[in-house]
Amino acid sequence: MGTYGPHCPYVCPRELFDYYYPRVTMPAVPDPDLEHPITARMYEERKMADTPPEAIRRARAAYYGMVELIDGHLGRLLDALAARGQLDDTLVIYTSDHGDMLGEHGIFAKHIMYEESARVPALARWPAAVPAGRRIAQPISLLDLAPTLIGLTGAPALPAYHGEDILGLLTGDAPENPERPVIAMIRMGVPFAMLRRGRWKLIAYHGHPPQLFDLTADPREEHDLGRDPAHTELREALLAELSETWDGEAMARAIARSGQHTSLVGKFNRIDFADDPAEAWPGDPTLNYLEETADA
C-alpha cells in the first residue's frame with residue numbers, strides 16, 4: 001500500500017495543525033552551506049533568505065500533522081488485518097522513499113542527500129518471526145524490499161538485481177554489517193549520488209565538487225570534509241567505489257533527453273486547468289501549510 005503523503009503541499013486536519021504548531025521545533029541547522037555551489041543554488045532558488053520564521057514553523061507543523069495522519073491510516077490497516085485474523089502472520093514493512101529538509105540547512109524539499117532527506121525510517125512487524133524492539137545498525141536500501149518479499153514467497157530471485165534479501169537480518173538469523181555500502185541517486189537537474197559506508201557519507205555531483213561527512217563526529221552534517229586535504233585519500237577511494245555504479249556524465253545525458261520529453265508534455269498540462277483554485281498549487285514549499293481558508 002502506498003500513500004502520497006507526507007508530501008508537499010502540506011495540508012493536514014486543523015486539529016493536528018493546532019496541536020503541533022506550538023510544539024514544533026525550528027530547524028537545528030538553519031543556515032545553508034553557501035560555499036558549495038549546489039546547496040547555495042538551492043537556497044537561492046527557494047528564496048529561503050526571504051522566508052519568515054513563521055512560514056517555516058507553519059510548514060513544519062503541517063508536515064508533522066501529515067505524518068500523524070498517515071500513522072493513523074496505518075493503524076486502520078493493522079486493525080483490518082487483526083479483524084481477519086492475519087495480523088500476527090503478516091510481515092508489515094513501513095518505510096518511505098524520501099524525507100524532507102523542512103528548513104534544515106536552509107532548504108525545503110527532498111532533492112538533496114542530507115540525512116533529513118535521504119535517511120528514512122524502516123520499521124518491520126511480524127510477531128511470528130521478527131523480534132520486537134530490536135534496532136538494526138546495518139544500513140538497508142529500498143532495493144532490498146523486492147528480493148526480501150520475493151524470497152519470503154519462495155519464488156526465484158530476480159535476475160541482475162542489486163538489492164539483498166534482508167529477511168535474516170530482520171529475524172536476527174543473519175549478522176549485521178554496519179559497514180555495508182548503500183548508494184542513492186537523484187536523476188533530475190544536476191545529477192548526483194550518495195555513497196554511505198559506515199560513518200562516512202560521500203555525495204558526488206556531476207560537474208561540481210563532492211561533499212564528505214563524518215556522521216559519527218558530525219551527525220548534523222555541518223562540516224563538509226570534501227575539500228579537506230587530510231581526507232583526500234578517503235574521498236578518492238569513495239568516489240572510485242561510487243563510480244563502479246554511478247556515471248554522472250551518462251546520467252546528465254539521460255536527464256537532458258528526459259527534459260525534452262517533459263517540455264513537450266508540459267505544453268498540454270497547464271496548472272490553470274484545475275476546476276478548484278485550491279488545486280492550482282504554485283509549488284513553493286514555504287506555502288505548504290494549512291491556511292485559514294482550509295477549515296472547511
Exercise. What is the spin-label model distance, in nm, from residue 129 to residue 185 if the labels are put 7 Å beyond Cα along the C-beta direction?
Worked result: 3.0 nm
For this session: Let me know the Kirkwood hydrodynamic radius for segment 1-134, please, with Cα pairs as the basis and the value in Å to one decimal.
Result: 16.8 Å
For this session: Report, by chain and number, residues whose modeled amide H sits under 5 Å from the one on residue 166, excluding near sequence neighbours (fewer than 5 apart, same chain).
Result: 148
Seminar exercise, completed: Of segment 184-225, those with amide N under 13 Å from the point 7 Å along the Cα→Cβ vector of residue 25 are 220
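Return the Rg/Rh ratio of the chain with Cα-based radii and a Kirkwood Rh.
Values: Rg = 21.1 Å, Rh = 21.7 Å.
Rounded to two decimals, Rg/Rh equals 0.97.
Once you keep just the Cα pairs under 8 angstrom separated by 6 or more residues, what percentage relative contact order results for the chain? Display every interim value, and only then the final one.
On the way: 374 pairs, mean separation 57.5, N = 296.
After rounding, I find 19 percent.
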Exercise. Which whole number in µm²/s is D for segment 201-250 by Stokes-Einstein, with the Kirkwood Rh taken over Cα pairs at 37 °C and 0.692 mPa s?
Worked result: 288 µm²/s
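Hydropathy first: keep DSSP H helices in the chain averaging at least 0.0 on Kyte-Doolittle, then drop any whose Cα extent along the axis falls short of 18 Å, and list what survives. Mind dumping the intermediate values first?
Details: long enough: 53-83 (45 Å, 0.20); 248-266 (26 Å, -0.06).
What comes out of the filter, once short or polar helices are dropped, is 53-83.
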Problem set entry | For the chain, calculated [θ]222 nm from helices alone, where every DSSP H run of n ≥ 4 adds -39500 (n - 2.57) | -10000 deg cm²/dmol
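Taken together, the values in this text are just the output of simple stated rules run on the coordinates, not laboratory data. Owing to the predicted nature of the structure, the values given are computational and were not obtained by experimental measurement. Counting neighbours? That spans all protein chains shown, and the Cβs are built from the backbone with ideal geometry, glycine included.
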